[in-house]
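One structure coming up, written as structure tokens, with questions to follow.
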Amino acid sequence: MTDGNPAAGGLPRPEFSLSLDVRQAEGKAPHIEAGEAERAAIAARFSLVRIDRLVADIELHRKDRVIEARGRLQADFVQPCAVSAEDIPVSIDEPLFFRFVPQATTYAPDQEVELSAEECDEIEYSGTHFDLGEAVTQSLGLAIDPFLTGPDAEAARKIAGIGVPDDHGPFAALKGLKLGKDG
């Protein structure tokens, strides 16, 4: 694992880490569940009010040094409305698929790297261990709707005088024109 001290040049430790050895991954079917402290840290990372449940059931298969992980992510959390900031309970049940691959190259910090469609779900690891917990956490982050609105969003828009999103688009001025035949 990496040094958890960012000041010392290491990366911070993930909030929900489950490091597994590549050599012992074949046929494993871990059930992983985030504890209370882990859920609180992940909620802070993703600006959620709280996470009540975060579990994943995954099957691992190994071919050489490549690990394929398939399973399901289930979570219950409370997220603030993007407009009114009211608390909205959310439940997700998402399929998971990852390919953990050995780190191929060290990239320069500002170097552009192009990925093929197959590589988008690949997560590189170095050494002999990969972090299944962090992969699940990142999947949760991708499943969160950043523009989620609740039932009071429309009223909050009116109070703030911002209208609905369609009222401010490039064609908003055309909305008030009356169309008809001349003559």
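Jot down the radius of gyration and Dmax of the stretch 6-150, Cα atoms only, both in angstrom.
16.5, 50
Let me have the relative contact order for the stretch 10-86, percent, based on Cα pairs under 8 Å that are six or more residues apart.
On the way: 113 pairs, mean separation 22.6, N = 77.
That works out to 29 percent.
Rank these for me by crowding, 26, 122, going from fewest to most other beta carbons within 10 Å. Mind showing how you got there, number by number?
Values: 26 11, 122 14.
Arranged by neighbour count, lowest to highest, 26, 122 become 26, 122.
Residue 23 to residue 85: FRET efficiency via 1/(1 + (r/R0)^6), r the Cβ-Cβ distance, R0 41 Å, to the nearest 0.05? Spell out each step's value before the answer.
Values: r = 48 Å, r/R0 = 1.17.
Efficiency for this residue pair is about 0.30.
Could you tell me the distance between the Cα centroids of the stretch 134-161 and the stretch 23-94, to the nearest Å?
17
Calculate, in nm to one decimal, what residue 70 and residue 32 gain on full extension: separation in residues at 0.36 nm each, minus their alpha carbon distance.
Details: separation 38, 0.36 × 38 = 13.68 nm, distance 1.31 nm.
Once the chain is fully extended between residue 70 and residue 32, it gains 12.4 nm.
Where in the stretch 43-80 does the amide nitrogen come within less than 18 Å of the point 7 Å from the Cα of residue 122, taken along Cα to Cβ?
From the stretch 43-80, the list is 61-70.
Could I ask something else about it? Which of 31, 111, 149 sits closest to the plus end of the dipole of the stretch 6-150, meaning its Cα is farthest towards the positive end, when Lys and Arg get +1 and Asp and Glu get -1 on the C-beta?
The one lying farthest along the dipole's positive direction is 31.
Among 58, 42, which comes first, then next, by fewest other beta-carbon atoms within 10 Å? Before the final figure, lay out the partial values.
Details: 58 21, 42 24.
Listed from fewest to most nearby Cβ atoms, that is 58, 42.
Rule-based calculations on the coordinates, nothing more; no lab input. None of these values were measured; they are calculated from a predicted model. Methodologically, a virtual Cβ is constructed for each residue, glycine included, from the backbone with ideal geometry; neighbour enumeration extends over all protein chains shown.
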